[in-house]
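To start, the structure under review is shown below, and the notes come after it.
Throughout, read-outs are computed from the coordinates displayed, never taken from laboratory work. Keep in mind that what you see is a predicted model, and the values were worked out from it rather than measured. Quick reminder, even Gly has a Cβ in these numbers, built from the backbone with ideal geometry, and neighbours come from all protein chains shown.
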């Protein structure tokens with residue numbers, strides 16, 4: 001059976017707790033990722049920062065709901081709010097209870113975590129906690145496709 | 001040291017997307033049409049990266065490549081690198097990554113290169129890279145830095161990076177040339193390997209004769225570097241604090257230079273990780289790997305076997321009187 005290392009993306013692109021929200025947003029855009037891993041000064045995994053969490057903080061209404069009649073007002077409001085928080089630190093917005101998998105864990109474990117937590121990205125560390133990469137939903141689907149076609153197995 | 005215990009870090013500050021076109025006949029003002037996939041090769045390029053790919057071929061699980069990449073093509077580049085299962089750790093810049101074009105004509109045989117040096121990096125990107133580098137090398141104990149530097153990056157970049165390595169007690173293998181090399185020597189990297197790109201100069205001095213090469217090798221040693229490697233035609237001159245060696249291949253038949261130096265570096269690392277640091281023997285292994293590439297028509301090593309079969313053809317002689 002395959003292990004996480006066989007399917008993961010090996011990327012150490014990450015932010016630290018002291019990076020700003022402005023830097024993080026630009027980083028997310030360049031990398032085309034809505035979530036980034038947060039690491040310490042030794043590149044050990046600490047948690048994640050989601051674009052969604054930043055949205056939640058700047059939108060006046062509950063995220064996902066914008067009144068069509070007030071939409072310009074609300075967008076303006078959100079932009080103003082973002083202007084106010086852009087210099088705040090990642091540590092104020094990050095998740096620290098993010099589940100991870102180890103690169104040598106089997107893919108069933110990764111599947112289980114991703115399906116139960118509805119995570120779009122599952123970050124991968126080595127035994128010492130150093131960030132090693134991530135598994136995306138597409139990677140997970142590829143694994144399941146390979147299982148369905150007999151090119152991989154779950155035992 | 002066991003394979004896989006540590007991350008191997010390679011640094012490529014000025015990577016490129018290399019596009020090779022194989023055409024029947026390449027003449028100015030003649031249109032060429034490429035219909036067959038095998039006549040178009042697109043690959044990621046850059047000295048440290050090529051060595052990283054070879055290390056993966058030799059079975060090392062964790063090999064990281066750090067550097068600058070830019071724009072949409074930077075994402076494409078990163079995907080190509082990840083196809084080799086290399087861990088990527090790049091600073092994304094506003095400007096697009098550079099593209100090198102090579103056109104290889106079959107009849108008559110021609111080789112035309114368009115080397116792109118337009119890539120620019122901002123000061124902000126450089127500072128970001130330094131921050132990422134500091135935390136990126138934590139899990140490595142030998143760092144390879146190799147190749148040219150893009151516009152916008154100061155000639156002191158290698159010096160700054162080596163300073164960080166020294167603070168964290170990491171050994172550095174530096175493959176550089178020109179002013180960036182000259183400044184880097186201030187921080188005394190453990191191993192320096194010279195390469196020549198546009199000029200045949202070392203520390204601003206033109207090198208022509210054998211004695212010129214030896215003189216400059218010793219000059220670098222005198223500046224506090226432990227080991228120096230200088231290419232001399234098909235040979236390599238190896239310098240330690242007290243000795244000078246000449247390493248030569250037996251019955252050498254050149255077919256392809258491209259990738260040979262990178263295979264050399266990777267096999268040098270391979271020796272280091274397997275047997276510890278023995279400078280001359282590590283170079284012998286490097287040369288055996290380079291021979292595999294230079295006498296064949298591929299870019300990367302396939303496996304260790306290729307190195308082993310050439311080991312007997314690498315002769316190392318200590319030079320007396322130097």
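Take peptide B:255-266, look around each residue's Cβ out to 10 angstrom, count Cβ atoms belonging to other protein chains, and average those counts. Could you put the intermediate results ahead of the total?
Numbers: counts 0, 0, 0, 0, 0, 0, 0, 0, 0, 0, 0, 0.
The mean count of partner-chain Cβ atoms within 10 Å per residue comes to 0.
For the peptide A:131-137, the mean number of other protein chain Cβ atoms found within 10 angstrom of a residue's Cβ is 2.
Between residue B:151 and residue B:186, what FRET efficiency comes out of the Förster formula 1/(1 + (r/R0)^6) with R0 = 30 Å and r the beta carbon distance, rounded to 0.05? Using R0 = 30 Å, I get an efficiency of 0.85.
Given contacts defined as C-alpha pairs under 8 Å and at least six residues apart, what's the relative contact order of chain B, whole-number percent?
Details: 663 pairs, mean separation 50.3, N = 322.
The value is 16 percent.
Find the Cα radius of gyration of the stretch B:170-288, compare it with 2.2 N^0.38 Å by division, and give the number to two decimals.
1.01
Would you please calculate the Kirkwood hydrodynamic radius of the stretch B:119-221 over all C-alpha pairs and express it in Å, rounded to one decimal? The answer is 14.5 Å.
Counted over the stretch B:94-152 with a bin width of 5 Å, the fraction of Cα pairs per bin, in whole percents, is 4, 13, 15, 17, 15, 12, 9, 6, 5, 3, 1.
In nm², what is the average projected area of the convex hull enclosing the Cα atoms of chain B? Walk me through the numbers on the way to the answer.
Details: hull surface 67.3 nm².
For chain B, the mean projected area of the Cα convex hull comes to 16.8 nm².
Using only the alpha-carbon atoms of chain A as identical scatterers, what base-10 log of I(q)/I(0) does the Debye formula give at q = 0.08, 0.21 Å⁻¹? These q points yield log10 I(q)/I(0) values of -0.28, -1.25. Evaluating kT/(6 pi eta Rh) at 4 °C and 1.567 mPa s, with the Kirkwood radius of the protein assembly as shown over Cα pairs in the Stokes-Einstein relation, gives 53 µm² s⁻¹. Separation of the stretch B:196-252 from the stretch B:257-322 is 17 Å, based on Cα centroids. With all pairs of separate Cα atoms included, the stretch A:64-155 yields a Kirkwood hydrodynamic radius of 16.5 Å.
Helix A:107-117 and the longest principal axis of the Cα set of chain A meet at an angle near 30°. Is the shape of the stretch B:247-322 best called rounded, prolate or oblate, per the rule: a/c under 1.5 gives rounded, else a/b larger than b/c gives prolate, else oblate, with a ≥ b ≥ c the square roots of the Cα gyration tensor eigenvalues? Judged from the Cα gyration tensor, the stretch B:247-322 comes out oblate (a/c at least 1.5, b/c at or above a/b). For the stretch B:179-322, the relative contact order comes to 21 percent (Cα pairs under 8 Å, sequence separation of at least 6).
Provide B:159, A:91 in ascending order of the number of other Cβ atoms located within 10 Å of each residue's Cβ, fewest first.
On the way: B:159 19, A:91 15.
Taking fewest neighbouring Cβ atoms as first place, the list is A:91, B:159.
Its DSSP H runs of at least 4 residues, each contributing -39,500 (n - 2.57), put the calculated 222 nm mean residue ellipticity of the protein assembly as shown at -10500 deg cm²/dmol, to the nearest 500.
Counting pairs of alpha carbon atoms under 8 Å apart in space and at least six apart in sequence, what relative contact order in percent does chain A give?
Working: 228 pairs, mean separation 50.8, N = 155.
Across chain A, relative contact order equals 33 percent.
Counts of other chain beta carbons within 10 angstrom of each beta carbon in peptide A:8-17 average 6.
Provide A:151, B:306 in ascending order of the number of other Cβ atoms located within 10 Å of each residue's Cβ, fewest first.
Values: A:151 10, B:306 20.
The order, fewest Cβ neighbours first, is A:151, B:306.
From the Kirkwood radius over Cα pairs of the stretch B:36-159, Stokes-Einstein at 10 °C and 1.306 mPa s returns a whole-number translational diffusion coefficient of 99 µm²/s.
Could you please tell me the mean projected area of the C-alpha convex hull for the stretch B:7-101, averaged over all directions and given in square nanometres to one decimal? Don't skip to the end; give the middle numbers.
On the way: hull surface 28.9 nm².
Directional mean of the projected Cα hull area for the stretch B:7-101 stands at 7.2 nm².
Per-peptide packing, taken as the mean over residues of other Cβ atoms within 10 Å, places B:313-319, B:271-277, B:29-35 in the sequence B:271-277, B:313-319, B:29-35 from highest down.
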